[in-house]
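Some notes on the structure that comes next.
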Amino acid sequence: MKDRIATATEAKVAHLIHTMAYGGVETALINWLTRLPGLHYPCELICFANPGETEAPFVKAAEVAGLHVSKIPWSRWKPIPRSVSALCRIIRERKIQILHCHNTYADIVGLLAAKICRVQCVTTLYVWGDFGFKRGALQYIDRALLPFFDRITAHCEQTRQETIKMGFADTDVRLLFCGFDIRAVRMTAEVRAEKRARMGVEPQQRVLINVARFYPEKAHEVLLEAMREIADQRTDTVLWLLGVGPDQQRVEQMSKSLGLDAHVKFLGFRSDLEEVLALCDVMVHPSHMEGVPLAVLSGMAAGLPVVASRVGGLPEVVRHGDSGVLIPPKSPSIVARTVLDLLDDPQRGQKLGQAAQRFLREEYSLDAAAGRVANLYEEMLYAQ
């Protein structure tokens, strides 16, 4: 056993990600890497240099967490040979032994580089779904590449089961859940009221929050329709939308057309998410498709009652009636009614939030998640 551990601790692992906007996948990866050094796995972090530097929020968040990020070239023309060459150079210079890929372009470039450099390659799958033609085509490519990876992993049990149905054995697909550390911000009622006032919140107002990239599957239109119903019944309610993404302008226009200017505030990307969550009353997450969104875990860690769609990996972390409330997707009226019920019963909301915190602490810790990742790397190296 000592020899096995000694071999594993010499590992050099690189994570490759193609990121267009900072979100849950990026947060999960940073969380893993900040915890893995304690488990003796020094890791490199590599991302694509996108047009318009859309990777900048991710790079900044990684650097704040103490991680160095290398970049490989990318453009709208998808320069795969140039990207593979740059990645090969990093692999050889840093003596990488395992390359861990996240998302389709990373899978394509990473797998080619790994084969050229003769290093092991693992992919993590986050969610399968109907995302339209372009992203559907990327999913098709991902499916075609899977047999060529040394290891296949999934972010949640739902995605793992869907991958197994594609023809893989149960033992071929490993679950690597994201895990989460409770970093809830604690403040007195007076300080909280003062901070809410600085954000433009009146003493009697209740604050709903949604944290998600602006992509169609995040269902911001469902949330806004629900918010229109909520505001009609409780004029003292406001909604904060946190995130960035290509769909933001459309969502802002919809908010205006629904007459929600006084009730909806777009806050963009926030590096102080934990503090913002501490100022809110209910988290609402009505996505059409999900893996396990880190945004929801953040709300749970903050002790907020969570209203979320019963899709993807969400039922794995939000236990209906115990640590949150699950609702059917694409149902604005049900979202509105559920949120209104929680606003009318703050004691119930408090109990849901406390149960959510217990779940994260006892069953979904970051230490447990990072341990699974480290065990995978050890297994891969020991099998050589």
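Derivation of every value follows stated rules applied to the coordinates shown; laboratory data play no part. Predicted model only: the values in this text are computed from it and were never measured. Cβ coordinates were reconstructed from backbone atoms using ideal geometry, including for glycine residues, and neighbour counts include every protein chain displayed.
Some points to look at:
- On the basis of the beta-carbon distance and an R0 of 30 Å, ARG319 and ARG186 show a calculated FRET efficiency of 0.75.
- Placing pseudo-labels 7 Å out from each Cα toward the beta carbon at ASP261 and ASP367 gives an inter-label distance of 5.2 nm.
- Degrees separating the helix 24-35 axis from the principal Cα axis of the chain, which is the longest one: 60
- Added length on full extension, which subtracts the Cα-Cα distance from 0.36 nm per residue, PHE133 to SER85: 14.4 nm
- Within the straight-line cut-off of under 12 Å between alpha carbons, the aspartates and glutamates reachable from LYS265 are GLU252, sequence neighbours fewer than 8 places apart in one chain being disregarded.
- Against the chain, whose longest principal axis comes from its Cα atoms, helix 104-117 is set at around 20 degrees.
- Rounded if a/c under 1.5, otherwise prolate or oblate - the range 167-271, Cα gyration tensor axes: oblate
- Pairwise FRET efficiency - ALA193 versus GLU252, Cβ, R0 = 25 Å, nearest 0.05: 0.30
- For the chain, diffusion coefficient by Stokes-Einstein and Kirkwood Rh (Cα), 10 °C, 1.306 mPa s, µm²/s: 73
- In plain terms, the residue of ILE96, ILE116, ILE152 with the fewest other Cβ atoms within 10 Å comes first and the most crowded comes last, giving ILE116, ILE152, ILE96.
- Placing +1 on the Cβ of every Lys and Arg and -1 on the Cβ of every Asp and Glu, with nothing else charged, gives the range 197-294 a dipole about its Cα centre of roughly 160 debye.
- Tensor-based shape of the range 270-381 (alpha-carbon gyration tensor, a/c under 1.5 rounded, otherwise prolate or oblate): prolate
- Lysines whose Cα lies under 17 Å from that of LYS78, excluding same-chain neighbours fewer than 8 positions away: LYS134
- Backbone N atoms of the range 363-384 closer than 19 Å to the 7 Å Cα→Cβ label point of THR171 belong to residues 375-384.
- Listed residues ARG76, ARG372, ARG151, most fluctuating in the chain (Gaussian network, C-alpha, under 10 Å): ARG76
- Cα gyration tensor category, rounded, prolate or oblate, for the range 189-363 with a/c compared to 1.5: rounded
- Between amide H atoms placed 1.01 Å from N, distances below 5 Å from PHE48 occur with ILE17, THR19, ILE72, all of them 5 or more places distant or on a separate chain.
- For a straight C-alpha distance cut-off of 16 angstrom, the lysines reachable from LYS60 (same-chain residues fewer than eight places away being disregarded) are LYS71.
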